[in-house]
1. What is region 44-181 by shape, rounded, prolate or oblate, if you read a ≥ b ≥ c off the alpha carbon gyration tensor as root eigenvalues and call it rounded for a/c under 1.5, prolate for a/b larger than b/c, and oblate otherwise?
2. Return the Rg/Rh ratio of region 280-381 with Cα-based radii and a Kirkwood Rh.
3. Distance in nm between label sites at residue 67 and residue 120, each 7 Å beyond Cα in the beta-carbon direction?
4. Express in whole angstrom the spacing between the alpha-carbon centres of region 308-381 and region 91-105.
5. Got the relative contact order for region 1-140 handy, in percent, Cα pairs under 8 Å and 6 or more residues apart?
6. What order do you get for 373, 138 when you list them from fewest to most C-beta neighbours inside 10 Å?
7. Over region 72-144, what per residue volume does the convex hull of the Cα atoms give, in whole Å³?
8. Need one word for region 165-358: rounded, prolate or oblate. Basis is the Cα gyration tensor (sqrt eigenvalues a ≥ b ≥ c); a/c below 1.5 gives rounded, then a/b vs b/c decides.
């Protein structure tokens with residue numbers, strides 16, 4: 001079977017869709033499938049450097065670069081894929097590839113939590129007419145898609161996200177990781193890996209850090225529009241000297257290797273790839289429970305056995321503030337871990353086995369191949 005994965009750009013700031021596409025491509029190739037990735041914008045980045053999947057770069061400046069749309073059409077004609085799997089809808093790619101003979105799969109990365117604009121709603125309605133299949137990362141995402149009347153039940157399937165567990169076992173030791181990231185060797189470090197936007201709750205992490213002792217530092221991995229605001233908050237909380245902003249990292253393994261604990265602070269989250277990555281690196285998970293499918297009963301990533309969560313009670317929107325008692329409770333759980341680390345060994349082991357057995361690259365690739373087989377009979381693959 002020949003598959004082309006189409007997505008935006010090969011850059012860490014592309015976030016989860018990039019990592020999902022990279023891992024899916026590697027997993028399918030391990031199963032003997034002919035898979036390549038096409039990037040609409042930008043230049044080679046971490047996926048090209050990993051060399052796990054052959055990559056193509058269309059180098060468009062923007063979707064308005066209409067004269068360059070033909071590059072995508074030429075790539076499809078040259079590669080002749082059975083399936084083009086769009087990791088993001090990328091509407092111009094849909095138009096540029098009209099009437100070409102392949103099966104069209106659209107990835108849906110989460111439930112729709114906010115009302116769509118009229119233009120976006122129209123876009124999804126058009127996708128319903130064009131797509132052969134929508135692959136959703138959770139049952140919640142699938143239900144949300146159908147509530148929008150953007151897909152028929154028989155036009156959808158669910159394949160949960162995954163990580164390359166083996167890749168995360170090849171991480172540096174803690175001392176080397178901290179030296180690489182210029183983090184203090186003797187400190188206790190709680191970390192977060194995310195795009196720096198307000199819904200990720202990084203300001204709550206700074207509040208928790210304020211409640212922890214001065215031997216605790218925080219490492220914030222990623223970049224985004226909220227960084228300047230977070231730096232101001234850190235200074236106002238008198239913790240700026242204990243907060244380390246690394247910016248985007250092409251390879252996040254040193255960040256996890258440097259951490260004592262991982263903080264999950266999102267107000268809402270469809271899956272939580274960074275949580276799965278931390279689990280694979282045996283970093284204990286502490287978090288604030290919010291909205292999202294990462295705990296949906298059908299197939300949860302986070303469970304009471306593999307993570308330590310305190311439920312949010314006062315904050316469900318970025319403009320709100322979390323109850324101080326909740327933040328102090330989470331700080332207390334993290335402090336207790338520092339005092340009694342052996343008491344959390346079972347939780348850390350449960351998390352590692354959970355992500356290996358249910359959210360590994362091989363599990364995802366095998367499931368996706370089953371889904372593809374609905375569209376391309378085995379005699380054609």
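No value in this document is a laboratory result; all are computed from the given coordinates. All values reported here derive from a predicted model rather than from experimental measurement. Cβ: placed from backbone, ideal geometry, glycine included. Neighbour counts: every protein chain shown.
1. Oblate, since a/c reaches 1.5 and b/c is not below a/b.
2. 1.14
3. With each label placed 7 Å out from Cα toward Cβ, I get 3.3 nm.
4. Centre-to-centre (Cα) distance: 34 Å.
5. Normalised by residue count, the contact order of region 1-140 is 23 percent.
6. So the ranking, lowest neighbour count to highest, is 373, 138.
7. 87
8. Here region 165-358 falls in the rounded category.
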